[in-house]
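The structure appears below as structure tokens.
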Amino acid sequence: RLDGIEGKVLGLLDIRKPRGDVFLDEVEAGLRSRGIAVLREAKPTYTKPAPLDLRRAIAERCDAVIEALAD
């Protein structure tokens, strides 16, 4: 758990459910307007877990992750 998000890199993971990208667009805009660094990633499909290389890349580059679950 982070004490705060200032100076951190937040990952936004789109799991590819319908309209999840719309939700993350809004989250990203709000974070960037506060000067927060954002890294945007997406799974190839919502029907399977994120590939290991994607999970590793996010873990190496981000301090925290927000996943989009929508429909």
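The values are calculated or read from the model by the stated rules, or taken from the named source; none is laboratory data. Note that the structure is a prediction, hence the values are computed from the model and not measured. All Cβ positions, glycine included, derive from the backbone under ideal geometry; neighbour counts span all protein chains shown. Calculation scope for accessible area: heavy atoms of the full protein, side chains included, ligands and nucleic acids excluded. Shrake-Rupley method; radii C 1.70, N 1.55, O 1.52, S 1.80 Å.
Put a plus charge on the Cβ of each Lys and Arg, a minus charge on the Cβ of each Asp and Glu, and nothing anywhere else: the dipole of the chain about its Cα centre is then about 200 debye.
Sites count as exposed loop sites when they are trypsin sites (Lys or Arg not before Pro), lie in a DSSP loop, and have at most 12 other Cβ atoms within 10 angstrom; the longest stretch of the chain without one is 35-71.
Take every pair of alpha-carbon atoms less than 8 Å apart whose residues are at least six positions apart; their mean separation over the length of the chain yields a relative contact order of 51 percent.
For the chain, the longest principal axis of the Cα atoms and the long axis of helix 52-61 meet at an angle of about 10 degrees.
Please report the net charge: other residues with Cβ closer than 15 Å to the Cβ of ALA59, K and R +1, D and E -1. Result for the local shell: 0.
Taking the C-alpha atoms only, the angle from helix 20-33 to the longest principal axis of the chain is near 10 degrees.
Computing mean projected area of the Cα convex hull in nm² for the structure here picks out one of [x] 5.0; [y] 4.8; [z] 4.4, namely [y]. Take ASP21: with every protein chain present and a 1.4 Å probe, its accessible area is about 70 Å². Model label sites at ARG34 and VAL9, defined 7 Å from Cα along the beta-carbon direction, differ in position by 1.9 nm. Near GLY11, the amide H atoms lying under 5 Å from its own belong to LEU39, ASP63, ALA64, VAL65, ILE66; only residues 5 or more places off or on other chains count, and H is placed 1.01 Å from N. Computed over protein heavy atoms with a 1.4 Å probe, the carbon and sulfur contribution to the accessible area of the chain reaches 49%.
Toward the positive end of the charge dipole of region 9-71, with +1 on the Cβ of Lys and Arg and -1 on the Cβ of Asp and Glu, the farthest Cα among ALA64, LEU31, LEU54 is that of LEU54.
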